[in-house]
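Single-structure report; data block below.
Since every read-out is calculated from the coordinates, none of them should be taken as a lab result. Remember, it's a predicted structure, so these values are computed and weren't measured experimentally. Virtual Cβ from ideal backbone geometry, glycine too; neighbours counted across all protein chains shown.
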Amino acid sequence: MRCFMQINLLKKAAVDIVRGLTGSDDGLQSLSNYAKIALPPLSRLLRENKEVSEPAAEALVNLSQNSQLAAKMVQMGMTKTVMDLLYKPDSSITQLLVMLLVNLTQLDDGISSLLQVLSFILFKLRICLVIRLTDNEQIQGLYLLKLVRSFCRSSSESSDDPFEHVGSILVNISKKEAGRKILLDQNRGLLKQIIRQFDSTSPLQKKGVSGTIWNCCFEAEHQLQTLLLISEFLWPALLLPVAGNKVMSLVFS
């Protein structure tokens, strides 16, 4: 027992040092030179108790602001690691994990990994498989479905909502056609669920909803029928931001 406690203290001391280094540009630069050595252990430490997992998560969030380091995280399967940990009942670093996904989805590969796009997964794993198209379609978007459910379920009941940053993830993935395709899929109904959160009291959630709607409207000419079906929820979300409590008057001079 004593040996275990000493090991845990050593882990915490080590990860605290790494987290401290990620707080400065010089530290980030130094760690980036040893990414292959530093990233895998930090990823494994996410599964430890909060004393160790929290500083490890904070370090990864800071490191992922560097696009090159974020790309290496995606390549090593960080998206799957995060999604596996995110929904563990005893997870104590939920918000940090979501913030890590926000940074990873700034990259095209990060978006593909979150959407579980088949071509990306097979390329990264270097596996030759024959998968039926219908099976592939069922796999794609499962991570996104979980995130949308959490985003919509959380609403504004708590001032410290760990899933409110999902709105930023939705904006990121909706910048890409593959992301918009899944969000606008009538069978999934994800955009309809997202729009309902527009009345949230959280500015971050509201910004995420409006940004996602904006991006999805790029598909208007191809997805007109889908947008019309959710118009009951779409129109209020589009019009309320320009509504005011005063009558507007125009004066020409």
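Using Cβ point charges alone (K and R +1, D and E -1), the dipole size of the stretch 1-110 about the Cα centre works out to roughly 400 debye.
Electrostatic bookkeeping for VAL52 treats Lys and Arg as +1 and Asp and Glu as -1; over the other residues with beta carbon under 13 Å from its beta carbon, the sum is +1. Other residues within the sphere of radius under 14 Å centred on the Cβ of ILE37, judged by their own Cβ, net out at +3 (K and R +1, D and E -1). When the Cα positions of LEU9, GLY20, PRO55 are compared along the charge dipole of the stretch 1-100, LEU9 comes out farthest toward the positive end, with charges on each C-beta of Lys, Arg, Asp and Glu.
Here the spin labels are modelled as points 7 Å beyond Cα on the Cα-Cβ line, and at GLN106 and GLN6 they lie 4.2 nm apart.
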